[in-house]
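Here the structure is laid out as C-alpha cells; the discussion comes afterwards.
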Amino acid sequence: MAGPFRLAPDEVQGGIPTWAFGKETKVIVDCNVDGNFEMRAGVSPSETTSLRTGRNEFFRNFAGVLLAVKNLTSQDITVTTE
C-alpha cells in the first residue's frame, strides 16, 4: 500500500494511507534493535508499541484516516503498510 519509509531515531513520518471501512491495515516495521515505536491515526490517541529485532507486523482498523509513525528506537527502522 505505502512505503517503505526509512525513519531515523525520533523521526516522524505522516500522511501514510490506510484501508477504509472494515479492512485492516497491516503495518510492517523492520528494525535491527529492540525498542518502541508510536502510531497515530488521524486525531486518535497515539499508541506506543514494542518492537523486536527483525520483522514486526501489526494489524489495525484505521478506518481510512492517515497514519503517522514515530521511531522511538536507537537505530533506523523501515515502515511499510499493506
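Here are a few things to note about the model shown:
- Those residues of region 62-82 which are crowded, with 18+ Cβ neighbours inside 10 Å, part of a strand (DSSP E or B) and hydrophobic (A, V, I, L, M, F, W, C), in sequence order: 67, 69, 77, 79
- Pair list, Cβ < 7 Å and 6+ apart or interchain, from region 10-31 residues that are acidic (Asp, Glu) to residues that are part of a loop (DSSP other than H, G, I, E, B) and open to solvent by 10 Å² or more (accessible area, probe 1.4 Å): 24/61
- Cβ-Cβ contacts under 9 Å between residues 6 or more apart (or on different chains), taken from a first residue in region 34-55 that is in contact (Cβ under 8 Å) with a residue 12 or more places away in the chain to a second residue that is of a type in the set (Asp, Glu) and buried (at least 16 other Cβ atoms within 10 Å of the Cβ), are listed as 54/30; 55/30.
- Residue 20, sole failed condition from (1) surrounded by fewer than 13 Cβ atoms within 10 Å (Cβ to Cβ); (2) in contact with a strand residue (DSSP E or B) (Cβ under 7 Å, 6 or more places away or on another chain); (3) assigned to a loop (DSSP other than H, G, I, E, B): (2)
- Residue selected from region 47-61 under the condition within 22 Å of residue 22 (Cα to Cα) and surrounded by fewer than 12 Cβ atoms within 10 Å (Cβ to Cβ), by the criterion modelled with the highest pLDDT: 57
The values are calculated or read from the model by the stated rules, or taken from the named source; none is laboratory data. Here the structure is a predicted model, which is why all the values come from computation and not from measurement. Every residue, glycine as well, gets a Cβ built from its backbone with ideal geometry; the counts of neighbours run over all protein chains shown. For accessibility, only protein heavy atoms count, side chains too; no ligands or nucleic acids. Shrake-Rupley method; radii C 1.70, N 1.55, O 1.52, S 1.80 Å.
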